[in-house]
Amino acid sequence: MLKKLSILFIFIISLSSFSCVNNDDDDDNSGSRTFKVILNPNGGSMSNMGGESSVSYSVKYGETVTLAKSSELGLSRESYNFKGWSKSAADSQYTTNEDFKDGAEIIVRSNLTLYAIWSPVDPIYYYVSSSGSDSNDGTENSPYKTLTRAIKNIDDSNKDYIFFISGNIEDSPEFKDSYSIPLYANSITIKGKTSSSADSISGTISVSVPNKLTIQNLTIKEGEGVTLQGYKNGGCLFVAKSAFYDDETATIYLKNVVIKSGKADYGAGIYNSFGCLTFSDCQIISNAANYSGGGIYNDSGILIISNSNVSENSAQKDGGGIFNKSSAASGTIYFKSGSFSENTASTGAGVFNAGTFNLTGGEISNNTASNYAGGICNSGTLTVESGSVCGNSAANSAGGIYNSGSLTVSGGAVSENEVSSASGFGGGVVNSAEGSAVVNGGKISENSAALKGAGVYNVGTFSLSSDIKSNTLSGSDSFGAGVYNEKKFTVTNGEISGNKTESGFGGGVANVGENAVFTFSYGFLKKNEAKNGGGLYNEGGKSLMSSMTIVSATVSGQITENLASEYGGGVYLKSGDFTISAGAIDSYGKRVDDNTGSVYYQGNKAGENQQTDSGSSVEIYRGSGNAWYKVSGTFTNGSAEETGTYSDDDVVIGLPDWVGLSD
């Protein structure tokens with residue numbers, strides 16, 4: 001009996017051990033669970049991952065995952081070569097039994113963290129000096145004369161090469177148009193020996209293979225680009241995808257680099273096609289493009305910009321600071337800090353974006369467009385999370401932002417932009433018929449224009465859950481200092497306040513046209529000023545106000561303390577439909593002479609221009625001189641002969657004297 005129990009005990013132990021081995025780190029192999037595979041750079045960085053410190057995959061049990069290649073991740077570590085992935089952070093070399101190659105396929109049976117394996121390298125140094133000679137050997141004491149001669153020494157794709165530049169290096173006669181980097185290495189660094197102010201290259205650096213290139217402490221200037229399909233591109237730096245390395249692209253780091261005085265048709269400073277460029281502490285200045293992209297032209301590449309300035313560049317057509325092209329693989333730009341400033345162009349003086357542009361810090365400021373879009377012209381996807389678009393100007397429209405794509409503003413400011421012409425519109429933002437805009441944070445303030453929409457001019461779809469404040473229209477017979485709307489504008493928990501047009505209509509909002517729908521819920525329309533309709537001017541459109549107080553020219557939410565010099569301190573209804581439900585109109589909306597005029601109706605056709613109360617929660621205030629009375633009940637204005645009956649503390653009031661009627 002004892003012997004049988006011993007055999008049974010050994011059998012159970014064997015089953016238990018077998019189960020532990022096959023389950024790896026988990027006890028459920030049913031296939032229904034999802035596991036994580038995490039790639040940790042282990043002291044390196046991933047420049048192509050938008051600031052993420054690691055990459056993870058979610059994979060079901062037993063499925064295969066293909067690891068991204070290091071070039072796709074932008075994986076790098078200074079003075080180290082990447083060798084593969086290991087389960088241990090301490091591994092320093094690749095072993096086929098325990099580790100994984102670059103781009104390996106893995107069958108997933110448990111959660112797994114893989115760490116980059118790095119091997120230290122000794123770089124190869126060459127020196128280039130304005131006092132050197134190309135017949136020298138390129139050592140520090142015997143430097144070359146040109147970079148073109150120095151890079152001919154690149155002959156090993158596993159090695160790192162560092163080229164030190166001293167003084168101003170001119171083109172050699174044989175390579176007059178540009179310098180070229182034609183060979184592949186593990187990494188290449190071009191570095192000013194002293195500083196970017198003392199060390200420079202006059203010409204064009206061209207990169208057309210998937211090198212990891214670092215340019216540091218250097219000025220690149222006065223280049224005239226590379227000829228591509230009959231056009232000069234990339235005045236100072238030209239980056240293009242090579243036909244020989246179709247699945248890989250260049251990764252370039254620019255640190256404390258000045259790009260200046262370049263000339264080209266496209267991308268006078270920099271032309272980037274499919275490369276990944278990371279900028280830190282750089283200056284892109286005084287470059288001039290005959291067509292587009294004065295500072296930078298980005299075609300299907302990735303740009304990450306931190307603490308860098310793109311300024312005083314010009315383009316005859318689009319994108320004085322930068323042009324981000326739309327294509328099958330649209331360009332993507334992450335602008336984190338620094339500025340795009342004092343650039344000029346016909347359209348999109350600061351930024352012309354047809355791809356994806358993420359503004360998470362810094363300024364787009366003081367740029368000037370001779371046509372429209374002083375700050376940003378967007379036909380792609382534009383996201384503003386922080387930073388500001390301020391102090392820009394355009395001749396005809398959109399001093400700040402012109403949007404015909406997708407615009408999302410969750411923070412930051414669009415402020416102090418202007419449109420200069422007498423017929424100009426959209427001082428802060430123009431949202432075109434094709435545009436979709438969502439502003440749920442930040443503010444649109446202190447912008448100016450002459451004719452329409454000093455804050456926002458909208459003929460597309462616009463959603464606001466933030467503030468539009470203190471915008472000003474200067475022209476006579478102008479419309480909508482805060483907002484001019486011809487299509488669909490929705491406000492939820494927003495505020496439109498302090499906007500002004502002295503000689504026009506709709507200090508806060510002008511809702512104009514048969515397709516115009518303005519909806520205002522839970523917010524404030526207050527302290528706006530106009531000649532007519534201090535808060536709201538409605539002509540032909542539909543204005544729907546709910547859960548609001550109308551205090552002197554506001555629509556749903558609170559309309560309060562708006563001012564009109566003639567009629568309709570709160571609301572001026574020329575034609576169309578006006579509906580208020582579950583809200584209130586406050587008497588502070590008045591005319592300058594203190595005669596009452598919170599709401600002014602023009603026209604007396606029965607059935608038109610209705611102000612209706614859908615429930616007892618509506619509060620309408622009337623005024624008489626300096627005395628104000630709260631009126632409750634239901635009021636419908638159909639014609640001059642029809643009057644509503646209101647009661648307030650047993651006082652019977654006929655047609656309220658703050659409603660004006662005219663033909």
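List of remarks:
- For Ile496, distant residues with modelled amide H under 5 Å away: Ile468, Phe524, Leu525, Lys526
- Glu52 exposes around 110 Å² of accessible area when a 1.4 Å probe is run over every protein chain in place.
- In percent, rounded to a whole number, the relative contact order of segment 323-421 is 24, using alpha-carbon pairs under 8 Å and six or more apart.
- Distant-in-sequence amide H partners of Gly301 (H built 1.01 Å from N, under 5 Å): Phe274, Gly331, Thr332
- In order along segment 140-150, phi translates into HN-Hα couplings of 4, 8, 9, x, 6, 8, 10, 5, 4, 5, 5 Hz, rounded to whole numbers, per the Karplus curve 6.51 cos²θ - 1.76 cosθ + 1.60 with θ = phi - 60° and x for Gly and Pro.
- Ranking by accessible area, most exposed first, for Asp299, Asp467 with a 1.4 Å probe: Asp467, Asp299
- In this structure the amide hydrogen of Ile364, modeled in the peptide plane, comes within under 5 Å of the amide hydrogens of Phe340, Ser388, Val389, Cys390, none closer than 5 places in sequence on its chain.
- Segment Ile107-Ile124, extension gain: residue separation times 0.36 nm, minus the distance between their alpha carbons: 2.2 nm
- Extended-chain gain in nm, criterion 0.36 nm per residue less alpha-carbon gap, Ser370 and Ala395: 8.5 nm
- When each of the peptides 403-414, 189-200 is scored by how many other beta carbons lie within 10 Å of its residues on average, the order from highest to lowest is 403-414, 189-200.
- Using heavy atoms of the protein chains and a probe of 1.4 Å, the accessible area assigned to Arg109 is about 110 Å².
- Bridging of Lys488 to lysines at a Cα separation below 17 Å is possible for Lys452, Lys542, once same-chain residues fewer than 8 apart are set aside.
- The listed peptides 160-168, 421-429, 76-84, ordered by packing as a protection proxy, come out as 421-429, 160-168, 76-84 (highest mean of other Cβ atoms within 10 Å first).
- Segment 68-79 - phi-based ³J(HN,Hα) in whole Hz, Karplus 6.51/-1.76/1.60, Gly and Pro as x: 4, 6, 4, 5, 5, 7, x, 6, 7, 8, 4, 6
- Carbon-plus-sulfur accessible fraction, segment 225-372 (probe radius 1.4 Å, protein heavy atoms only): 45%.
- Applied to segment 390-400, the Karplus parametrisation 6.51 cos²θ - 1.76 cosθ + 1.60 on θ = phi - 60° returns per-residue 3J(HN,Hα) values of 9, x, 8, 9, 9, 6, 10, 6, 6, x, x Hz, with x for Gly and Pro.
- Taking every protein chain into account, the 1.4 Å probe leaves Lys527 with about 110 Å² of accessible area, to the nearest ten.
- Accessible area ranking (1.4 Å probe, heavy atoms, ligands and nucleic acids excluded), largest first, for Phe357, Phe323: Phe323, Phe357.
- Largest to smallest accessible area among Tyr457, Tyr184 [probe 1.4 Å]: Tyr184, Tyr457
- Too-long pairs where the Cα-Cα distance tops 28 Å, listed order kept, from Lys232/Lys336; Lys191/Lys263; Lys260/Lys317; Lys101/Lys212: Lys232/Lys336
- Ranked by how many other beta carbons lie within 10 Å on average, peptides 54-61, 529-536, 288-295 from highest: 529-536, 288-295, 54-61
The values are calculated or read from the model by the stated rules, or taken from the named source; none is laboratory data. Just so we're clear, the structure is a prediction, and the values are computed from it rather than from any experiment. No Cβ is skipped: glycine too gets one built from the backbone with ideal geometry, and neighbour counts run over all protein chains shown. The protein model used for the area step is the full one, side chains on, heavy atoms only, and it has no ligands, DNA or RNA in it. Shrake-Rupley method; radii C 1.70, N 1.55, O 1.52, S 1.80 Å.
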